[in-house]
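The values are calculated or read from the model by the stated rules, or taken from the named source; none is laboratory data. The structure displayed is predicted, hence computed values, not measured ones. Cβ sites come from the backbone with ideal geometry, for glycine too, and all protein chains shown count toward neighbours. In case anyone asks, the SASA skips ligands and DNA or RNA and just uses the protein heavy atoms, side chains included. Shrake-Rupley method; radii C 1.70, N 1.55, O 1.52, S 1.80 Å.
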Amino acid sequence: MTFRIASRLATLPKPATIAMAARARELRAEGEDVISLALGQPDFPSPPEAIEAAYAAGLAGDTGYPPIPGQKALIDAIIHKFKRDNDLTVTSDRIMVANGGKQVIYNAFAATLDDGDEVIVPAPYWVSYPLIARMLGGTAVEIPCPEENGFRPDAATIKAAITPKTRWLVLNFPNNPTGAILERHDLEAIADVLRDAPHVLVMSDEIYEHLTFDGRRHLSILQVAPDLAERILVINGMAKAYAMTGWRVGFACGPMPLIKAMIAVQGNTTSGVCTLAQAGSAAALKGGLDRIEQMRETYQRRRDTMVEALQAIPGLTCAVPEGAFYVYPGVGGLIGGTSASGRLLDTDVAFAEALLEEAHVATVPGTAFGFSPYLRLSCAASDDQLAEACRRIEGFVKGIRKT
Ligand SMILES: Cc1ncc(COP(=O)(O)O)c(C=O)c1O
């Protein structure tokens, strides 16, 4: 019997981030020395206060089912975080905790999308927005954010993409994969467009908010346009800033009816988030920002090293990321060439595959982020690994024959 899976899943492409990491693992298992810059996984330990709080919660018997929206201690810590980091006063009925930022997105789309509803996703984008929207019957409408525009969405382009079927506009700044940040004037222009489109909700994924460089500060659209609060869902989580990817804790702040509907989705899926992970997350959020500042400085230093090395490779271009922990070099000057082992590099997918097979550096092609021809390289690796990866990329590029 051929096993039949649901068509909404069967027609979804496999996220390239995961595919590249899987191929890197296979090569490693074969004994190859692979440097993987494919995943957005911080290479720092989780805060000790989080681990201690989780352990203490377990010993204290905090091991029963959690309240579906999240435990009070964590919700209080999230309210404290919004005040401390964003100067926003929020109430507990506007907050929910989920199994990672990813489940917040799932809950939001599951709670709001009917078949054919449109989700505007500025590209380059983190792979999961269009995939989750499509899995739930929505249609992703991609709008380009060209490099000449600093990889930022243009308000006029957003306006032109809005139709009566538009349900959401996704904003993810600091951006994965480009590191682009929106300035106040960018947010004001977008808010103006939204004021003329009262049927459109805004998903503002701010999970990289603390990782901003060169003195820049993240600004939330909720701060800039408080009059739109009844349509803005702010998403955040413990994974990136607190190096807590495996704890699977994300959270959202949004309008009450939306949060209520998202809690209903969660009640029918996961029943909430692991109690110990919630206790650890509350401790981390209350633990101050010093540790994050140290990580931020490290990421900025690595970014500088990577950008300098990549810009020096003829044929590559590399914009300077303003935040997050990736670099996004352009490979347009090398497309159409042939690698030293004879692979035709006709797309950035072919480029990334050849780079992995021949130089053993795992990256993710821009195609995965809806914006080619680029590669995303994560800076969440040691300085030595990053320097070696750049040397290998240089060697690989030098071997390319142009026709
Ligand atoms: C922009 C963005 N949002 C959300 C997430 C998901 O984070 P979590 O691990 O909390 O699900 C990621 C993870 O890569 C991300 O890059």
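A few notes on this one:
- When we screen Leu136, Leu171 for residues that are away from the ligand (no atom under 16 Å from the Cβ), assigned by TED's automatic domain parsing to the domain that holds Tyr106 and under 20 Å from Gly100 (Cα atoms), the only hit is Leu136.
- If you filter the range 95-137 down to residues that are assigned to a loop (DSSP other than H, G, I, E, B) and of a type outside the set (A, V, I, L, M, F, W, C), you find that the one that is nearest to the chain's Cα centre (by Cα) is Tyr125.
- Residues in the range 24-55 that are closer than 30 Å to Gln385 by Cα, open to solvent by 30 Å² or more (accessible area, probe 1.4 Å) and over 21 Å from the mean Cα position of the chain (by Cα): Arg25, Glu26, Arg28, Ala29, Glu30, Gly31, Glu32, Asp33, Pro48, Glu49, Ile51.
- Qualifying residue in the range 218-237 (condition: hydroxyl-bearing (Ser, Thr, Tyr) and either touching a Lys or Arg at 6+ places or on another chain (Cβ under 8 Å) or within 14 Å of the ligand (Cβ to nearest atom) (or both)): no
- Residues of the range 163-198 that are open to solvent by 40 Å² or more (accessible area, probe 1.4 Å) and in contact with a Leu (Cβ under 8 Å, 6 or more places away or on another chain): Arg167, Glu183, Arg184, Arg195.
- For Thr89, the requirement of being open to solvent by 10 Å² or more (accessible area, probe 1.4 Å), away from the ligand (no atom under 16 Å from the Cβ), hydroxyl-bearing (Ser, Thr, Tyr) and touching a residue at least 40 places away in the same chain (Cβ under 8 Å) is not met.
- Scanning the range 346-362 finds one or more residues that are within 25 Å of Phe44 (Cβ to Cβ), part of a strand (DSSP E or B), more than 16 Å from the ligand (Cβ to nearest atom) and hydrophobic (A, V, I, L, M, F, W, C).
- Entry remark, the range 163-181: residues being touching a strand residue (DSSP E or B) at 6+ places or on another chain (Cβ under 7 Å) and over 21 Å from Asn107 (Cα atoms) number 5 in total.
- Residue match in the range 223-239 (condition: hydrophobic (A, V, I, L, M, F, W, C), in contact with an Asp or Glu (Cβ under 8 Å, 6 or more places away or on another chain), without any contact (Cβ under 8 Å) to a residue 40 or more places away in the chain and open to solvent by 10 Å² or more (accessible area, probe 1.4 Å)): no
- Filter result for Leu375 (closer than 30 Å to Gly215 by Cβ, touching a Pro at 6+ places or on another chain (Cβ under 9 Å), open to solvent by less than 10 Å² (accessible area, probe 1.4 Å) and not assigned by TED's automatic domain parsing to the domain that holds Thr212): yes
- Residue among Gly101, Gly64, Gly58 that alone is of a type in the set (Gly, Ala, Ser) and open to solvent by 40 Å² or more (accessible area, probe 1.4 Å): Gly64
- Scanning the range 82-94 for residues that are in a loop (DSSP other than H, G, I, E, B) and more than 16 Å from Ser204 (Cβ to Cβ) yields Thr89, Thr91.
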